[in-house]
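Enquirer: Before anything else, here's the structure in question.
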Amino acid sequence: MSASFDPRDPLGIDDLLSPEDLAIRDTVRDWCAERVLPHIAQWFEDGELPTVRELARELGRIGALGMHLEGYGCAGASAVQYGLACVELEAADSGLRSLVSVQGSLAMYAIHRWGSAEQKEHWLPAMAAGEVIGCFGLTEPDHGSDPASMRSSAKRDGADWVLRGRKMWITNGSVAGVAIVWAQTEDGVRGFVVPTDAPGFSAPEIKHKGSLRASVTSELVLEDVRLPGDAALPEVVGLRGPLSCLNQARYGIVWGALGAARSCVEAARGYSMTREQFGRPLAGFQLTQAKLADMSLELNKGLLLALHLGRRMDAGTLRPEQVSYGKLNSVREALAIAHTARTILGANGISYEYPVMRHAANLESVLTYEGTPEMHQLVIGKALTGADAFR
């Protein structure tokens, strides 16, 4: 006998997950419900994340920081389990998932993959526990999609390095204890582990944002920051280093954006079943049902793609081009779902009493960070044709 239909899991995707997968997902979901959802609308409206350090420590206690990394206090979870956590975090708010993604997939991953034994031992346990927050400095005021043209530089001065430059749109920057900064050197692009209390380092917070308002976003300013010779990540030279980190973060977005989409679908479905117009609930109108069906279809297609990519990552067979398929699809469809959900809620769709407008605003940032849709289209296009159309 077939199982009953579940509107929250219409394709039975939960049946493809292990008990451990579901337990990790539910742990993150319950934490978000208790610690974030009661406050997130106010935080977003106020344009701040007032308890970010406390939240980071709590995320460390539930094993969410660098959870897909091995050793050094990290949970050693699977890629699928990390993805499921990203869904729940972004269903609460994209800013929260960004905090976790930057910590684990960018800052911690850079040290874990490319750092020295000493760098790993010094930084990773504290970062996994949420005692130290990390940020990742690649994007510059004049160079986003073209990191090869970055102007930040690191030059040798005796045994030391001296860093100069600026980075822009840096999540966690103003609250970070350590920054992974990428800069041009005589040998090529290199990464540096920069304690944020180093003289010459500052991270002014960026205000007046219309998106990711419940997230700390900063500029990094490096004015002759002097670092010891062993501050450089020793295991990589060139753009392969930062791009490998971005691939990890993009994978999290593949899942995370669908969490925002799920929140919008659930809000629209619930609203349509209680809001009456012309003597009956909105859910009883054909056009509303068509919208709900299309939103559910795209959400669950996206989840199946994310699960497929997660299985490939766990098997060690995931390619960067495949991550581009996922990032492009998930964010584009999530944004379309948010816009459609807003139409079902009518005027109430713009109220922070409901999550839809907040998710729609956040997804505008998610659409272009970690690679704009056009860049991912070109990655896929190059893979399909062999022709490089970036320039």
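The values are calculated or read from the model by the stated rules, or taken from the named source; none is laboratory data. Nothing here was measured: the structure is a model prediction, and the numbers come from that model. All Cβ positions, glycine included, derive from the backbone under ideal geometry; neighbour counts span all protein chains shown. Surface accessibility is based on the protein's heavy atoms, side chains included, excluding ligands, DNA and RNA. Shrake-Rupley method; radii C 1.70, N 1.55, O 1.52, S 1.80 Å.
Enquirer: Within the bounds of the stretch 327-335, is there any residue that is closer than 25 Å to L96 by Cβ, polar (S, T, N, Q) and surrounded by fewer than 21 Cβ atoms within 10 Å (Cβ to Cβ)?
Expert: The answer is yes; a qualifying residue exists.
Enquirer: Can you tell me how many residues within the stretch 177-235 are among the charged types (D, E, K, R) and touching a helix residue (DSSP H, G or I) at 6+ places or on another chain (Cβ under 8 Å)?
Expert: Matching residues across the stretch 177-235 total 6.
Enquirer: Identify all residues within the stretch 342-360 that are crowded, with 24+ Cβ neighbours inside 10 Å and of a type in the set (D, E, K, R); write none if there are none.
Expert: Selection gives R358 alone.
Enquirer: On to the next question. Can you tell me which residue among A257, A268 is on the phi < 0 side of the Ramachandran plot, touching an Asp or Glu at 6+ places or on another chain (Cβ under 8 Å), in contact (Cβ under 8 Å) with a residue 40 or more places away in the chain and open to solvent by less than 20 Å² (accessible area, probe 1.4 Å)?
Expert: It is A257.
Enquirer: Being outside any strand (DSSP E or B) and of a type outside the set (S, T, Y) is the requirement here; does R113 meet it?
Expert: Working: outside any strand (DSSP E or B): yes; of a type outside the set (S, T, Y): yes.
Yes.
Enquirer: Assuming H339 fulfils every condition listed in (1) in contact (Cβ under 8 Å) with a residue 12 or more places away in the chain; (2) part of a helix (DSSP H, G or I); (3) open to solvent by less than 60 Å² (accessible area, probe 1.4 Å) apart from one, which condition is it?
Expert: The single condition H339 does not satisfy is (3).
Enquirer: Take the residues of the stretch 1-27 that are more than 20 Å from R311 (Cα to Cα) and in contact (Cβ under 8 Å) with a residue 12 or more places away in the chain: which is surrounded by the most Cβ atoms within 10 Å (Cβ to Cβ)?
Expert: For the stretch 1-27, the residue satisfying everything is T27.
Enquirer: Within the bounds of the stretch 88-96, is there any residue that is more than 16 Å from M127 (Cα to Cα), open to solvent by less than 10 Å² (accessible area, probe 1.4 Å), more than 14 Å from the chain's Cα centre (by Cα) and touching a residue at least 24 places away in the same chain (Cβ under 8 Å)?
Expert: No, the stretch 88-96 contains no residue that is more than 16 Å from M127 (Cα to Cα), open to solvent by less than 10 Å² (accessible area, probe 1.4 Å), more than 14 Å from the chain's Cα centre (by Cα) and touching a residue at least 24 places away in the same chain (Cβ under 8 Å).
Enquirer: For the stretch 137-242, list the strands (runs of 3 or more DSSP E) that sit wholly inside it and hold at least 1 residues that are touching an Asp or Glu at 6+ places or on another chain (Cβ under 6 Å) and in contact (Cβ under 8 Å) with a residue 60 or more places away in the chain; which are they?
Expert: Where strands (runs of 3 or more DSSP E) fall fully within the stretch 137-242 and carry at least 1 residues being touching an Asp or Glu at 6+ places or on another chain (Cβ under 6 Å) and in contact (Cβ under 8 Å) with a residue 60 or more places away in the chain, they are 160-171, 217-227.
Enquirer: Turning to a different aspect of this structure: Of the conditions (1) touching a Leu at 6+ places or on another chain (Cβ under 6 Å); (2) free of Cβ contacts under 8 Å to residues at least 40 places away in the same chain, Q289 satisfies every one except a single condition; which number is it?
Expert: (1)
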